[in-house]
Each structure stands twice: as C-alpha cells, then as structure tokens.
Amino acid sequence: MSLLITLGAVVLLAGAGCARNEQTSNTSALGQTGVADEKQENTAPAGEKKEESSDSSVKAPSLTIDVPGVTVVTEPVKKSEDEDKKPATAQGATITYDDNGFSPSTLTVKVGTKVTFKNNSPSDFWPASAMHPTHEKYPGSSITKCGTSAAETIFDACAGVAQGVIWTFTFKEKGSWGYHNHLNASRYGKVVVE
C-alpha cells in the first residue's frame, strides 16, 4: 500500500516537473547549482511556497508545490541522531522496548559493554539470545539454564520484565548476536560486539 502511495507521489512530481510553466522563472535567486542562495530573499516561483527550516543546522529550504488537487511538500532530510553515534563503550548502552519493538534494532558495542534493556511497553517483555525458543545463539546461553546458578551469566532475562523495569547483560564475546522477546518472538534485534 505504501509503495503505491510512494509511486503515486513520484508520478505526480514527475508530471509537475514536466508541465510547462508559462511564467518566467526567478533564476536570479538561484546559484549555479540550482540551490537558492542563502543571502537571497525567501522567494519562489508562482504556485510554490518556500519555507525556511527552523533548524539552523539545515541549510536547504523546504518547498511546497501546488498541483491541482494535490499538495506535495518536500523537506530536507535530517540525519538521525543514531547516524552520528560511535560504538558504545564499556560504560554502557541502552536498548528500549515498546509496542514497535526494540530500538535501536541493531546496536554496536565493544567487548565488555553492559547493555541495559528497558521496557517502555505496557506489556512484559523477555529479552533473550536467539534462537527462539532455545536461546542458545550466544555462547553458553540456553533457556535450560534459567532457574539455575548459571542464570546470571547467560544472555537471557529468564522471565518477563515489567513496564519501566530494566534488565542488563554484559557482552563478553565478539560477534553478531541476535536476540528476541521470548513473549513475542516476532520482535527481535541484534547486538554487534567488536
């Protein structure tokens, strides 16, 4: 469904770009690259509304194009906060769980990092090593060790974790370690240990 909406928007934008504009464009406000000069006034050709971004770190303006019956708004793409993050150190990192699953879905950390799993969902969750239901992907882990003295050393909460409660695990093995919510196995993520 979203693919059809995206394709429809692309077709509309392509049609708007191909339509002949009878008015003379205001090319004096455009630099050689076709991007509005930052020193120029906030102007745009008729039928278009240019809006300045409220984020001073974003230089590109947003643009609204009015096509009969449809309004398309384009905005500059901002980097997510996660793109600039370096791998977590041994000091720690946090993965949150809510109704949409684990976030971030992939976390990169260094050996010895304590990762906190925090439940922001109204339902209990049970973080554990892949594969469901055995939990044996992470070395030494197994659901059969829950309830034993080894339970504190395995990548397995061994029980549901309530809303607002945290569970922590220190990753001591390098590798790519898949995990899941044992109470809803369709929710999963990965911790990459370098």
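List, please: which pairs have Cβ atoms under 9 Å, are six or more places apart or on different chains, and start with a residue in the range 134-157 that is over 14 Å from Tyr179 (Cβ atoms) and end with one that is modelled with pLDDT of 95 or more and in a helix (DSSP H, G or I)?
The qualifying pairs are Ala151/Lys145; Thr153/Lys145.
Within the range 146-166, take every residue that is in contact with a Ser or Thr (Cβ under 8 Å, 6 or more places away or on another chain) and farther than 15 Å from Val191 by Cα and give me the one that is surrounded by the most Cβ atoms within 10 Å (Cβ to Cβ).
Looking only at the range 146-166, we keep the residues that are in contact with a Ser or Thr (Cβ under 8 Å, 6 or more places away or on another chain), and these are 154-156, 163, 166.
Filter once more, so that each one left must be farther than 15 Å from Val191 by Cα: 163, 166.
On the way: Gln163: 14, Ile166: 12.
Among those residues, the one meeting the criterion is Gln163.
When you go through Ala157, Ala185 one by one, which is the residue that is closer than 24 Å to Asn100 by Cα, modelled with pLDDT under 95 and within 26 Å of the chain's Cα centre (by Cα)? Spell out how you get there, then give the answer.
Working: Ala157 fails: modelled with pLDDT under 95.
Exactly one residue qualifies, and that residue is Ala185.
Quick check on the range 102-124. Is at least one of its residues modelled with pLDDT of 95 or more, crowded, with 18+ Cβ neighbours inside 10 Å, charged (D, E, K, R) and assigned to a strand (DSSP E or B)?
There is at least one residue in the range 102-124 that is modelled with pLDDT of 95 or more, crowded, with 18+ Cβ neighbours inside 10 Å, charged (D, E, K, R) and assigned to a strand (DSSP E or B).
Can you name every residue in the range 88-128 that is of a type in the set (D, E, K, R) and within 14 Å of Lys174 (Cα to Cα)? Quick ask: steps written out before the conclusion?
The initial filter retains those residues of the range 88-128 that are of a type in the set (D, E, K, R), namely 98-99, 110, 114, 118, 124.
Of everything in the range 88-128, those that are of a type in the set (D, E, K, R) and within 14 Å of Lys174 (Cα to Cα) turn out to be Lys110, Lys114.
Looking at the range 125-166 only, could you name the residues that are part of a loop (DSSP other than H, G, I, E, B) and of a type in the set (Asp, Glu)?
Residues of the range 125-166 part of a loop (DSSP other than H, G, I, E, B): 126, 130-142, 146-148, 154-155, 157-160, 162-165.
The one that is part of a loop (DSSP other than H, G, I, E, B) and of a type in the set (Asp, Glu): Glu136.
Suppose we filter the range 132-145 for residues that are more than 16 Å from Ala185 (Cα to Cα) and touching a Cys at 6+ places or on another chain (Cβ under 9 Å); how many remain?
1
The values are calculated or read from the model by the stated rules, or taken from the named source; none is laboratory data. Fair warning: this is a prediction, and the values are worked out from it, not measured in the lab. Ideal geometry is used to build each Cβ from the backbone, glycine not excepted, and the neighbour counts take in all protein chains shown.
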